[in-house]
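A.B. asks: The following block contains the structure, expressed as structure tokens.
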Amino acid sequence: MTTYVWDYLREYEAEREELLDAVDTVFQSGQLVLGASVQSFEEEFAAYHGRAHCVGVDNGTNALVLGLQALGVRPGDEVITVSNTAAPTVLAIDATGAKPVFVDVRDEDFLMRTDLIADAITPRTKAIVPVHLYGQCVDMDPVMELAKRHGIKVLEDCAQAHGARHHGRLAGTMGDAAAFSFYPTKVLGAYGDGGAVVTPDKDTAANLRRLRYYGMEETYYVVSTPGHNSRLDEVQAEILRRKLRRLDAYVEGRRSVARRYAEGLGDTGLVMPANAVGNDHVHYVYVVRHPERDRIIERLRAYDIELNISYPWPVHTMTGFAHLGYGEGDLPVTERLAKEIFSLPMYPSLPQHVQEKVIEALREVIAEL
Ligand SMILES: *Cc1c(COP(=O)(O)O)cnc(C)c1O
């Protein structure tokens, strides 16, 4: 059987009854859109984060789009982020009509270089989107300090960091708002698409509720500011309620897998994931680095192991973002990483014997390089 970097079927087997009960609960409720399950999930996800408000939306990309709009980002503004991220981070900024402005990342942990933000700020800068990449947080104190000084908003991209902590604080509790994705592979994943924005601010939450519902006040059917149809689905919300109770256990499972990789591969010459100071990593993806990356991946196919690269093309070099005016050479660390990184199978229900097969195969392949 082929080994893939992600697979949910074992988890489904273990949780099947509860998940089917979640579906049945919604179908029997008599309310299929923005009903009791979405409301309960919003309350529970906000409470998990100790934040006053959570607004469920249809996916993580739109959590970013609506989050930015709710914080006041408009066409012509600039938003500072990284190119070393999943394309949707940048797509979302672009979709608001604002211009994404990139800073490079740190060579050791692939996270945003916060010391480069000050030079990227212009009078048009409206927001910063730090991306808590692969499951660990950006160094948020300097980000918040700069933002405060310049009157700029901060939207955390938490799509890969559910349950991660930075000096004890949960990802999603440090900025003005935080965007989450519940795409199935994520640390908290739905059985389909889903997303949410968490915020301590009442007005931002009210903006988000209008923006996800055509721009209408829910009770008045009047569009105040043109919005979207970006509601979190009731079935996914009920599934997420059940899975939220297990979030800490999922994270623990990922950490066990990570520990076994560190033990099994630490002496092979692979560069293993670095835990930045103060970070509790949730290992959304387990990214290692090697200059012979392409040969390693190719040879592992003979062992029936399919590895991913997250991400092989830096966003700023994609043809779809040529209009941003960046090119090869502008973000050297981001570009070098894209050539050397790859991801090992990582999910909480990854069977130990499968992981051992991966470790053994990697050891053989690297020894023969
Ligand atoms: C997955 C992801 C998104 C987008 O989430 P979707 O639910 O797939 O739209 C945005 N940012 C990052 C960093 C992601 O990993």
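A quick yes/no check of all residues on (1) open to solvent by 20 Å² or more (accessible area, probe 1.4 Å); (2) β-branched (V, I, T):
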position: R255; (1), (2): yes, no
position: E263; (1), (2): yes, no
position: A274; (1), (2): yes, no
position: V282; (1), (2): no, yes
position: V288; (1), (2): no, yes
position: A302; (1), (2): yes, no
position: N308; (1), (2): yes, no
position: P314; (1), (2): no, no
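A.B. asks: Can you tell me which residues in segment 136-175 are under 17 Å from the mean Cα position of the chain (by Cα), touching a residue at least 40 places away in the same chain (Cβ under 8 Å) and away from the ligand (no atom under 12 Å from the Cβ)?
C.D. replies: Passing the criteria: Q136, C137, D139, G163, A164, R165, H166, L170, G172, T173, G175.
A.B. asks: D330 versus (1) surrounded by fewer than 18 Cβ atoms within 10 Å (Cβ to Cβ); (2) in a helix (DSSP H, G or I); (3) of a type outside the set (A, V, I, L, M, F, W, C): which is the lone unmet condition?
C.D. replies: Only one criterion in (1) surrounded by fewer than 18 Cβ atoms within 10 Å (Cβ to Cβ); (2) in a helix (DSSP H, G or I); (3) of a type outside the set (A, V, I, L, M, F, W, C) is unmet by D330, namely (2).
A.B. asks: Suppose we filter segment 342-369 for residues that are open to solvent by 10 Å² or more (accessible area, probe 1.4 Å), part of a loop (DSSP other than H, G, I, E, B) and not hydrophobic (A, V, I, L, M, F, W, C); how many remain?
C.D. replies: 5
A.B. asks: Then there's this: Tally the residues that are near the ligand (Cβ under 10 Å from one of its atoms), open to solvent by less than 10 Å² (accessible area, probe 1.4 Å) and of a type in the set (A, V, I, L, M), restricting the search to segment 80-94.
C.D. replies: Count: 3.
A.B. asks: Follow-up question, since we're still on this one. Could you please find all residues in segment 329-359 being of a type in the set (D, E) and without any contact (Cβ under 8 Å) to a residue 40 or more places away in the chain?
C.D. replies: Of everything in segment 329-359, just one residue is of a type in the set (D, E) and without any contact (Cβ under 8 Å) to a residue 40 or more places away in the chain, namely E335.
A.B. asks: Out of the residues in segment 198-217 that are of a type in the set (A, V, I, L, M, F, W, C) and touching a Lys or Arg at 6+ places or on another chain (Cβ under 9 Å), state the one that is nearest to the ligand (Cβ to nearest atom).
C.D. replies: The residue in question is V198.
A.B. asks: Can you find even one residue in segment 181-189 that is touching a Cys at 6+ places or on another chain (Cβ under 9 Å), within 16 Å of the ligand (Cβ to nearest atom), at pLDDT 95 or above and open to solvent by less than 50 Å² (accessible area, probe 1.4 Å)?
C.D. replies: yes
A.B. asks: When the residues of segment 132-149 are narrowed to those that are open to solvent by less than 10 Å² (accessible area, probe 1.4 Å) and not in a helix (DSSP H, G or I), which ends up farthest from G278 (Cα to Cα)?
C.D. replies: If we take residues in segment 132-149 being open to solvent by less than 10 Å² (accessible area, probe 1.4 Å) and not in a helix (DSSP H, G or I), then H132 is farthest from G278 (Cα to Cα).
A.B. asks: Turning to a different aspect of this structure: All but one of (1) surrounded by fewer than 22 Cβ atoms within 10 Å (Cβ to Cβ); (2) within 21 Å of L133 (Cβ to Cβ) hold for E44; state the number of the condition that does not hold.
C.D. replies: (2)
A.B. asks: Take segment 335-359 and flag every residue that is small (G, A, S) and closer than 21 Å to D109 by Cβ.
C.D. replies: Of everything in segment 335-359, those that are small (G, A, S) and closer than 21 Å to D109 by Cβ turn out to be A338, S343.
A.B. asks: Tell me the helices (runs of 4 or more DSSP H) entirely within segment 194-266 that contain at least 1 residues that are touching a helix residue (DSSP H, G or I) at 6+ places or on another chain (Cβ under 6 Å), of a type in the set (K, R) and closer than 23 Å to Q39 by Cα.
C.D. replies: Helices (runs of 4 or more DSSP H) meeting the threshold: 234-244.
A.B. asks: Which ones in segment 15-35 are among the aliphatic types (A, V, I, L, M) and either buried (at least 16 other Cβ atoms within 10 Å of the Cβ) or in contact (Cβ under 8 Å) with a residue 40 or more places away in the chain (or both)?
C.D. replies: Passing the criteria: L19, A22, V23, V26, L32, V33, L34.
The values are calculated or read from the model by the stated rules, or taken from the named source; none is laboratory data. Note that the structure is predicted; figures quoted are calculated from it, not measured. Note: ideal-geometry Cβ built from the backbone for every residue, glycine included; neighbour counts use all protein chains shown. To get the accessible areas, we keep the full protein, side chains included, count just its heavy atoms, and leave off ligands, DNA and RNA. Shrake-Rupley method; radii C 1.70, N 1.55, O 1.52, S 1.80 Å.
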